[in-house]
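Here the structure comes first, spelled out in structure tokens, and everything after it is commentary.
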Amino acid sequence: MLLEQKRKEFTEKNSSELKAENKEAEKWTEFLTDKRLKNKLNEIGIFYHQFSGELQNERIKIENGKTNSAENINVDFLKNIKENELNWIKL
């Protein structure tokens, strides 16, 4: 009984976190594909890095970079960005 309750709590928590992540990714997708942004910029970069210490002591190495079209930006793209990979978005 207790195991079933814990499993249910875990599933509900993961479900709500997943919904929140998807909502955040959707907001970023809307921002990056907004036509008004294209009027101001030609491209924008996205870089993801998990800090392991204090900001002033952190060494960041950009492992590689790639260019993507704004039309290819969606929730799956954002959720699959690799750490230390610079993604340029052509607007």
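The values are calculated or read from the model by the stated rules, or taken from the named source; none is laboratory data. Treat the numbers as computed from the prediction; the structure is a model and nothing was measured. So basically every Cβ, Gly included, is an ideal-geometry build from the backbone, and we count neighbours across all protein chains shown.
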**Prompt:** In this structure, is Lys8 within 21 Å of the chain's Cα centre (by Cα), outside any loop (DSSP other than H, G, I, E, B) and of a type in the set (D, E, K, R)?
**Reply:** no
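Can you tell me which residues in segment 41-66 are in contact (Cβ under 8 Å) with a residue 24 or more places away in the chain and of a type outside the set (Gly, Ala, Ser)?
First, the residues of segment 41-66 that are in contact (Cβ under 8 Å) with a residue 24 or more places away in the chain: 41-50, 60, 62.
Of everything in segment 41-66, those that are in contact (Cβ under 8 Å) with a residue 24 or more places away in the chain and of a type outside the set (Gly, Ala, Ser) turn out to be Leu41, Asn42, Glu43, Ile44, Ile46, Phe47, Tyr48, His49, Gln50, Ile60, Ile62.
Kindly establish whether Glu26 is in a helix (DSSP H, G or I), surrounded by 13 or more Cβ atoms within 10 Å (Cβ to Cβ) and among the charged types (D, E, K, R).
Working: in a helix (DSSP H, G or I): yes; surrounded by 13 or more Cβ atoms within 10 Å (Cβ to Cβ): yes; among the charged types (D, E, K, R): yes.
The answer is yes for Glu26.
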**Enumeration of residues in segment 43-55 that are more than 13 Å from Trp28 (Cβ to Cβ), within 20 Å of the chain's Cα centre (by Cα) and assigned to a loop (DSSP other than H, G, I, E, B)** = His49, Gln50, Phe51, Ser52
**Residues that are at pLDDT 90 or above and more than 16 Å from Thr29 (Cβ to Cβ), drawn from segment 62-87** = Ile62, Gly65, Lys66, Thr67, Lys82, Glu83, Asn84, Glu85, Leu86
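For segment 17-32, give me the residue count where each residue is of a type in the set (S, T, N, Q) and either farther than 20 Å from Glu85 by Cα or in contact with a Pro (Cβ under 6 Å, 6 or more places away or on another chain) (or both). So that I can check it myself, show each step before the final result.
First, the residues of segment 17-32 that are of a type in the set (S, T, N, Q): 22, 29.
Those left that are additionally either farther than 20 Å from Glu85 by Cα or in contact with a Pro (Cβ under 6 Å, 6 or more places away or on another chain) (or both): 22.
Residues that pass the stated criteria total 1.
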**Request:** Just give me the residues in segment 56-76 being over 20 Å from the mean Cα position of the chain (by Cα) and in a helix (DSSP H, G or I), in sequence order.
**Result:** Gln56, Asn57
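Restricting to segment 1-36, what's the tally of residues that are of a type in the set (Ser, Thr, Tyr) and over 22 Å from Ser69 (Cβ atoms)? Show your work before the answer.
Our first condition is that a residue be of a type in the set (Ser, Thr, Tyr); within segment 1-36, this holds for 11, 15-16, 29, 33.
Remaining after also requiring over 22 Å from Ser69 (Cβ atoms): 11, 15-16.
Within segment 1-36, residues that are of a type in the set (Ser, Thr, Tyr) and over 22 Å from Ser69 (Cβ atoms) number 3.
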